[in-house]
Structures are given as structure tokens and as C-alpha cells.
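Readers should treat all values here as calculations from the given coordinates under stated rules, not as data from a laboratory. Treat the numbers as computed from the prediction; the structure is a model and nothing was measured. Backbone-built Cβ (ideal geometry, glycine too); neighbour counts: all protein chains shown.
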Amino acid sequence: MPPRRRYLLQSAQSIDPISWFTGTNVPLACAALIVVYGFALIAGQWDASRAPVAQLVSVALAAGACVLVHLITRPMRPPIGWVVAGLVFSFVVAAVAVSALDYSGAPFALEFWWAPSAITLATASLAPYLTAPKLIVLGGSATGATVVIGLSLLDPFQDSWGILGSAVLIGYSPILGVLATVTFSYSIVSTMSRMLDSPSRNEVDGRAVLDEAANVVERVTLAQLSARAAPFLERIADAGVVSPEERSLAGQLARRIRDDLVTQSNVTWLELIAQQSRLVVIDPKRRARAMDDAQRTALRALLQAILDTAGTDSGSLLVELREAPDGATAVGVSLDIALPEGLRIMHLAPYLLALGTAVEDLRVDRHALGVTFRVAPEGEQR
Amino acid sequence: MRVAVLPRDQAALVITSAMAIAVRICSVANLALTIPLLFDALLSRGLSAALPIPLTILLVMLALSIVTALKPRPWLVGVFLAVGAIGAVVFQLSLLAADPGLNDDAFFLLNRPAISLVLVAVGAATWLAGLIWILIGFATSTLASVTVAIIATQPLRTGWGPILMVIFYVVAYSVLARIQALQRQRVPNFEELDAETRRHATEEVLRDRVSAAVHDTLLNDLAFVMNSPDALDERVVTRLREDLSILRGAEWLRTSAELTTVDDVDAELRNQVMMVVSEMQWRGLTVRVNGSGTAVRHLTVQASHAVIAATRACLENVLRHSGETTAEIDLSYGPEDVTIIIADEGSGFILESVPDDRLGVRQSIVNRITAVGGSVKIWSAPGAGTSIVMRVPTQLVEQEALDATA
């Protein structure tokens with residue numbers, strides 16, 4: 001798929017979920033701005049309103065739309081689709097209509113109408129969560145609807161501006177808002193995509209990694225395996241003769257080394273982590289080895305975060321890996337944790353979101369904390 | 001491969017830059033939307049003669065704002081602010097000269113150029129830098145309004161537009177700053193975790209290498225000692241010392257996948273294979289070596305070591321388990337790989353019945369070859385002998401067969 005087309009299919013949140021798990025403050029900030037700005041302008045034109053309560057209701061409706069965005073974008077919620085986003089814009093357009101109906105027929109300055117700015121702020125509240133095309137279509141439609149509503153209900157009573165000027169005055173704020181939001185979303189997606197596609201700057205020195213790992217393995221694994229056998233063979237080589245006792249000892253050492261080698265060859269990276277904690281791993285087919293570096297990092301980070309969480313019974317942390325019929329690996333993580341659901345989700349959200357970028361079908365049981373995901377068969381991995 | 005999440009600092013930079021781009025686009029759109037407003041206001045009042053000056057100012061500012069949107073260099077933004085400030089003053093004064101009533105009826109039009117002065121931002125910036133530029137723009141915009149008020153001897157009037165723009169972007173940048181601060185508290189350092197994973201993965205490979213080496217040296221030597229005569233001859237003693245030396249030096253652990261020169265590697269591979277064959281022959285196994293093709297191939301050092309060790313393990317298995325005293329090695333070259341077949345006509349075995357704790361095939365042959373990107377196929381059946389086909393990728397064809405030139 002051409003890069004430009006790919007950029008249009010992703011939202012800022014989907015390309016970088018970590019940045020926006022705390023970003024749900026954006027819709028709340030927009031809701032607050034609608035309330036402050038709306039009340040200020042309504043107060044300034046209080047006399048123009050036939051029923052000021054209608055204006056207050058419409059402000060509440062528009063701010064409520066942003067609060068709705070806040071609720072539907074909480075961590076681990078599914079991405080926003082056309083229908084939900086359309087619903088948000090419907091609320092705001094309804095708020096615009098209620099406000100325009102109230103001002104209709106009154107001596108009212110269009111440039112001080114607060115409602116078009118609600119479209120701007122609602123669009124801004126959705127900026128991280130919608131793709132650029134969705135923002136253009138939905139924001140553009142809402143802007144068009146606002147202009148039509150404003151021209152139908154308010155313009156006939158204007159004498160300072162013609163129809164073109166009135167249309168620009170009404171659409172000015174939403175047009176700026178939609179353009180800025182679309183630019184913001186597309187700019188983030190295109191820039192981050194390019195960075196993620198060419199992460200060469202993040203590579204570490206392979207030689208240094210190899211030397212460090214070789215030191216560890218030489219110091220621990222090789223030393224353990226050869227601790228008794230090497231001096232024994234050296235003694236034999238020096239003497240040049242073998243006694244019956246030495247033959248017997250050679251047999252014992254050989255059996256022990258063979259057992260150690262078998263044990264060692266069956267241990268996966270996940271079981272090594274388990275050995276250093278109370279984590280329980282069930283991986284009879286050693287499927288942990290099928291996971292690539294990105295998946296290992298993300299799962300390790302999640303497990304470490306869970307183990308570091310106060311109130312976690314680390315002995316209850318269970319990771320189970322099973323081979324699926326198509327060659328994929330099904331992974332389940334479950335544990336008992338004392339944190340309330342909201343705190344727990346916020347605490348683990350960055351780790352779960354990172355894991356979601358590396359595996360398939362990530363599902364989180366929000367109540368009894370359980371996480372399941374799928375590791376694609378080798379050759380099909382991302 | 002790494003976790004598909006940008007480091008937080010980079011992500012913060014991208015998001016802040018995107019905000020700055022959005023600000024610049026707002027500036028362009030603001031000036032563009034002012035043009036129809038200008039036409040509407042002047043034509044509806046019969047003031048078309050007053051159109052050229054403000055329209056020219058708008059077009060110049062629009063062109064400059066497009067340039068700064070595309071190339072947000074600080075000096076260009078500075079030029080935009082300077083030219084824009086003068087333009088905003090002249091724009092207002094020219095319109096007020098045409099119709100002073102515009103100050104009351106269409107102030108929304110009068111202060112549009114001044115609003116564009118607020119909407120300035122340079123390129124990749126922190127949220128603080130973005131905020132500073134917005135405030136500089138606001139100060140310039142206010143200065144323009146003050147100048148208009150002095151020249152036109154009118155009360156100072158900036159309008160709500162610049163103030164609202166400043167409030168909106170201050171809130172936006174503050175929310176961004178808050179998000180980034182929360183990120184730093186809550187998000188793990190995936191860079192470090194990635195590096196650690198890479199180290200663990202390397203350790204895993206090295207542990208396999210250690211297992212294979214211990215299996216081929218210590219374990220074989222101990223087996224030999226168990227069945228040896230009372231007195232060891234010089235060749236056995238030499239081999240024991242060589243094996244111990246290999247384990248102590250452990251330089252093979254650090255063998256990387258780097259390329260070495262073709263001649264050295266191929267000579268090393270050939271010499272090592274012949275040494276293994278010679279050793280096996282001394283221990284009672286006759287090995288016939290066949291080959292096809294005379295091309296020269298690059299093998300990585302890691303791959304050539306894997307081939308030698310796996311070949312040794314195959315021959316060791318023939319010697320210990322097949323009941324045969326002869327084996328064949330066949331080397332052949334494909335366009336992208338080297339194939340080594342080791343065959344015997346011995347007792348054979350059922351592959352599926354080999355228990356998990358038997359490491360000779362799994363660890364010393366299969367894992368070794370697959371670790372360097374190769375593949376292994378084993379054909380065996382009781383009474384029908386065993387054939388092991390190892391295929392190892394070559395990295396570069398240095399020289400094709402030279403039969404024709406010969």
C-alpha cells in the first residue's frame with residue numbers, strides 16, 4: 001500500500017497508543033473550553049436570547065459530546081468508528097440548532113455566536129482518535145450543517161453582512177478547527193510512521209551486546225557445565241593413563257552433564273524469568289521461543305509491571321502458552337490483583353498498549369484481570 | 001525488530017511539531033477566509049474603490065504565511081511578524097479611512113490580519129517553545145492594535161479574536177505538557193527493555209552454542225575415557241588437551257556473524273572438515289568425501305563453524321550408533337546455499353522415537369544449523385541407514401564455476 005494511503009487509514013492514537021492513554025484529558029479540556037467560552041458569549045448577548053435556558057441546554061449538550069468522547073476513549077476501549085464519531089457530531093450539531101433557534105429573529109451579532117466554536121472544539125477533542133478522512137468527512141459535514149442552520153435561522157436578521165460574509169462568519173471557526181485537526185492528525189501519523197519504519201537510530205551496538213552476553217554465558221553456564229569434568233579430563237591427559245575408578249567417575253560426570261544439558265536446552269527465556277520470580281509458566285511445547293524480540297520485550301514489560309505492582313500476589317501470576325492448529329501460539333496471562341479496576345487499567349495501560357502493537361487479537365478481561373493474545377506463526381509475523 | 005512504540009521524547013517532539021503545523025495552517029486559513037469577508041464588507045457598502053490596498057496586504061500576508069507554513073524557519077517567521085504587523089496596521093487604517101463605521105459593524109474583518117500574527121510557530125519545538133512563539137505573536141498583534149489606536153486617535157481595541165486564539169493554544173499546549181509529564185511518570189523505557197531482550201536472545205543462542213560445544217567436547221571425551229584402554233596414546237591426549245583449550249578460551253562464543261574474506265573462510269572450512277574426517281578415520285570410521293561444483297562461496301564465520309561442528313556430530317553418531325564403519329560426505333553448491341549430505345548404511349533409527357533428552361541430533365545438529373539460518377532434513381529407518389541433509393545459506397557468490405576457463 002502506498003505510504004500516503006496508509007497514513008490516511010490510521011489515527012494518531014493507533015500509530016502511537018502510548019501517547020494518548022493519558023490523552024483523554026484533551027476531550028475534557030475541550031468540554032471545559034466550550035462551557036467557559038459559551039457562557040461568556042451567552043452572557044454578553046443575554047438580551048438577544050428569548051429563552052436563555054435554551055442556550056445553557058445547548059452548551060451542556062455540546063460539552064456533553066466532548067465528555068462522551070472522553071468516556072469512549074478511556075484506555076483499552078476499542079477504536080472509535082464512523083457511527084460513534086457521527087453520534088458525537090450529531091450532539092454538537094443539535095446544540096448548534098437549539099442555540100440558533102433561540103437566537104432566531106433577535107438582533108444578534110453573528111460574530112459573537114458561540115455555537116460554531118463548539119464544532120471546532122468537538123473536532124479538536126476527536127483529533128487523536130479519528131483518521132484524517134473521518135475528521136474531514138464528519139467535521140466538514142458538521143461545519144456545513146452549522147453554516148446551513150446559521151444562514152437559515154440567523155442570517156435573515158443581519159444587516160452588517162451579505163450572504164457570503166455571513167457564511168464565512170458562521171463557518172470561520174469550524175473551518176479553521178477542521179483544517180487544524182486534520183493537519184495535526186495526518187502530520188503525527190505520517191511522521192511517526194516514517195520513524196517506526198526506519199528505526200535504525202535505535203539499534204544498539206551488536207558487538208557490545210554479544211560481548212556482554214558471552215561474558216555472562218561463559219561465567220555462568222560454561223563454568224557450571226565444565227566445573228568438575230574439565231579438571232578431571234586435564235588430570236587424565238596429564239597422567240596419560242585411565243584407572244577403573246576414573247572410568248566410573250567419567251560415567252557419573254557424563255550422566256550429570258547430559259542431565260544439565262537436557263535441562264538447559266528445555267529452558268526458555270520465559271522460564272528463566274519464572275526462575276527469578278514466583279511467576280508460573282506453562283509452556284510444554286516451548287512456544288515462548290516462537291516469539292520475536294518485540295513480543296518478548298512487550299510481554300516482559302507487562303509481567304514486570306504486574307510483579308512490581310503493590311497488592312499483586314505474584315504467585316498467582318500465570319502465563320500459559322499453547323500451540324494453535326494453524327501454527328500460531330495462543331498466550332494467556334492471568335493473576336489476582338487487589339487494585340481497583342480503574343487504577344489497575346491505568347497502571348497497566350501503557351504495557352498493554354505496547355503489547356497490542358506487537359501481537360494479534362489482544363483481549364483484556366477488565367474485571368478478573370486476564371490477558372490473552374495470539375502470536376502469529378513464523379513467517380507471518382509483522 | 002523492536003516494540004512498535006516510539007521513545008517518549010521522540011513522540012512528544014512529533015506531537016508538539018504537529019501542533020505547530022496546525023497553528024500555521026490556521027494562520028493561512030484565517031487570511032484566506034478574510035478575502036471573501038473583505039469583498040462582502042466593501043462591496044455591500046459600495047466601497048469597491050477601497051479594495052486594492054487591503055486586498056494586496058492580505059495577499060502578501062497570505063503568501064508569506066504559506067511560505068512560513070512550508071519552511072518554518074525562525075528568521076522567516078520573524079519576517080512574517082514584521083511585515084504582518086505593518087500590514088495589519090495599514091489594513092485597518094485603510095479600511096477605517098474608507099468607512100469609519102466598519103470599526104463598529106465589521107471589526108471582525110478589521111482584526112483578521114492581527115489574528116494571523118498570533119498564529120505563528122517554528123518547526124520542531126517543545127511545547128514551551130510553541131507557547132513562547134504564540135505569546136510573541138500575541139505581543140506583536142497587540143502592538144499593531146496599539147499603533148492603529150494611536151494613529152487613528154481611537155480607543156485601543158484588539159477584539160476577542162487574538163485573545164481567544166491565545167487562550168485556545170495556551171490550553172492546548174498546557175494539556176500537551178501535562179500529557180507528556182504523565183507519560184514520563186507512567187511509561188516504561190522501552191529502549192532499555194528492547195536492549196535487554198536483545199541481550200537475553202543473544203544469551204539464549206550462546207547457551208545453545210555452549211551446550212553443543214560441551215556435548216561435542218566434554219561429553220564425547222568422557223565417553224571415550226569410559227571405554228578407553230588403560231594407557232592413552234599421544235593423539236588422544238592431544239585431543240583431550242585441544243578440547244579443554246577450546247572450552248577455556250571460549251573465543252568461539254564471541255564469533256559474530258561478520259563476514260570474513262572468502263579465501264580464509266573456505267580454506268578454514270575445508271581444512272576443518274578434512275581434520276574431522278581424518279580424526280574419524282583414525283577412530284575407525286572410513287569417510288568418503290564427494291563434491292560437485294568448483295564455485296567459491298562466502299560463508300559467515302558462524303555458519304562455517306556450525307557446519308564443521310554439525311558434521312563432526314553427524315559422524316560421531318555414525319561411529320557410535322550406526323554399527324557401520326563407513327560414511328559418505330557429499331558437498332554441493334546451489335546458487336544461494338551449500339548442501340552437505342552425510343549418509344551411512346547402518347542400523348538407522350526412527351526419528352520420532354528419539355527421546356527429548358537425547359541431544360546429539362537436536363542440539364548438536366539441528367539447532368546449530370538452524371541458528372545460522374540453515375535447515376536440516378533427516379531420513380532414517382531401522383535397517384535402512386541414515387541420511388542427513390544440511391543446507392546452509394551462503395552470503396555471496398564470489399566466483400562462479402571456472403570449468404570453462406580451465
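Placing dummy labels 7 Å off each Cα toward the beta-carbon, the span from A:Val148 to B:Ile350 is 7.7 nm. Here B:Glu242 and A:Arg374 are evaluated by their C-beta separation; at R0 = 56 Å the FRET efficiency comes out at 0.70.
If R0 equals 41 Å, the separation of the Cβ atoms of B:Ala381 and A:Arg6 corresponds to a calculated FRET efficiency of about 0.20. Between helix A:341-358 and chain A there is an angle of about 70 degrees, using the helix long axis and the longest principal axis of the Cα atoms. Set Lys and Arg Cβ to +1 and Asp and Glu Cβ to -1, take the dipole of the protein assembly as shown about its Cα centre, and tell me which of A:Ala180, A:Ala115, A:Gly240 lies farthest positive. Value: A:Ala115. Extent of the protein assembly as shown along its three principal axes (Cα atoms, max minus min coordinate, largest first): 120, 68, 42 Å. Between helix A:140-153 and chain A there is an angle of about 20 degrees, using the helix long axis and the longest principal axis of the Cα atoms.
Taken about its Cα centre, the protein assembly as shown carries a charge dipole of about 2260 debye when Lys and Arg each add +1 at the Cβ and Asp and Glu each add -1 at the Cβ. Remark on B:Val338: its backbone amide H falls under 5 Å from those of B:Val392, B:Thr394, a criterion applied only to residues 5 or more positions apart or on other chains, H modelled at 1.01 Å from N. Each stretch of four or more DSSP H residues adds -39500 (n - 2.57); spread over every residue of the protein assembly as shown, this sum gives -19500 deg cm²/dmol at 222 nm.
With unit charges on the beta carbon (Lys/Arg positive, Asp/Glu negative), name the residue among A:Met192, B:Ala144, A:Gly370 whose Cα is farthest towards the positive pole of the charge dipole of the protein assembly as shown. Value: B:Ala144.
A Förster radius of 45 Å, combined with the Cβ-Cβ distance separating A:Glu212 from B:Gln154, puts the computed FRET efficiency at roughly 0.05. For chain A, modelled as a GNM whose springs connect Cα atoms under 10 angstrom apart, the maximal fluctuation among A:Val93, A:Val35, A:Val59 occurs at A:Val35. Annotation: amide H of B:Glu324 within the under-5 Å range of B:Ser347, sequence separation 5 or more or interchain, hydrogens built in the peptide plane.
With the simple model of a label 7 Å out from the Cα in the direction of the Cβ, B:Arg288 to A:Arg50 spans 10.8 nm. Under 5 Å from the amide H of A:Gly370 lie the amide H atoms of A:Asp365, each residue being 5 or more positions distant or on a separate chain, with H modelled from the backbone and absent for Pro and chain starts. Restricting the calculation to alpha carbons of region B:8-186 gives Rg and Dmax of 17.3, 62 angstrom.
Its alpha carbons considered, chain A gives a radius of gyration followed by a Dmax of 31.4, 118 Å. Relative to the dominant Cα principal axis of chain A, helix A:25-44 is inclined by about 10°.
The value obtained for region A:206-266, namely the Cα convex hull volume divided by the number of residues, is 88 Å³ per residue.
Would you look at the GNM of chain A, springs on alpha carbons closer than 10 Å, and say which of A:Thr120, A:Thr131, A:Thr297 moves the most? Most flexible of the set in this elastic network: A:Thr297. Residues of region A:64-106 falling in the label zone of A:Ala32, defined by backbone nitrogen less than 20 Å from a point 7 Å along Cα to beta-carbon, are A:64-75. Straight-line cross-link partners of B:Lys377 among the lysines, defined as a Cα under 25 Å from its Cα and at least 8 positions apart when in the same chain: A:Lys285.
Shape verdict for region A:1-115, please, from the Cα gyration tensor: rounded (a/c under 1.5), prolate (a/b greater than b/c) or oblate. Because a/c hits 1.5 or more and a/b exceeds b/c, region A:1-115 counts as prolate.
Evaluating 6.51 cos²θ - 1.76 cosθ + 1.60 at θ = phi - 60° for every residue in region A:271-288, the Karplus couplings come out as 5, 5, 5, 4, 5, 9, 8, 9, 4, 10, 10, 10, 8, x, 9, 6, 6, 4 Hz, glycine and proline recorded as x. Label-to-label distance for B:Leu143 and A:Arg194 is 3.4 nm, based on points extended 7 Å past Cα in the beta-carbon direction. Across region A:92-105, rounded Karplus estimates of 3J(HN,Hα) from the backbone phi angles (6.51 cos²θ - 1.76 cosθ + 1.60, θ = phi - 60°) give 6, 5, 4, 4, 4, 5, 4, 5, 5, 4, 5, 7, 4, x Hz, Gly and Pro being marked x. Rg then Dmax, both in Å and based on the Cα atoms of region B:135-200: 22.7, 76.
Reported to the nearest whole Å, the Cα centre-to-centre distance from region A:55-106 to region B:181-201 is 38.
3J(HN,Hα) along region B:320-327: 8, 10, 7, x, 9, 10, 10, 8 Hz, from the Karplus curve 6.51 cos²θ - 1.76 cosθ + 1.60 with θ = phi - 60°, whole Hz, x for Gly and Pro. Separation of region B:135-160 from region B:105-119 is 11 Å, based on Cα centroids.
The charge dipole of region A:206-266, taken about its Cα centre with unit charges on the Cβ atoms of Lys, Arg (+1), Asp and Glu (-1) only, comes to about 160 debye.
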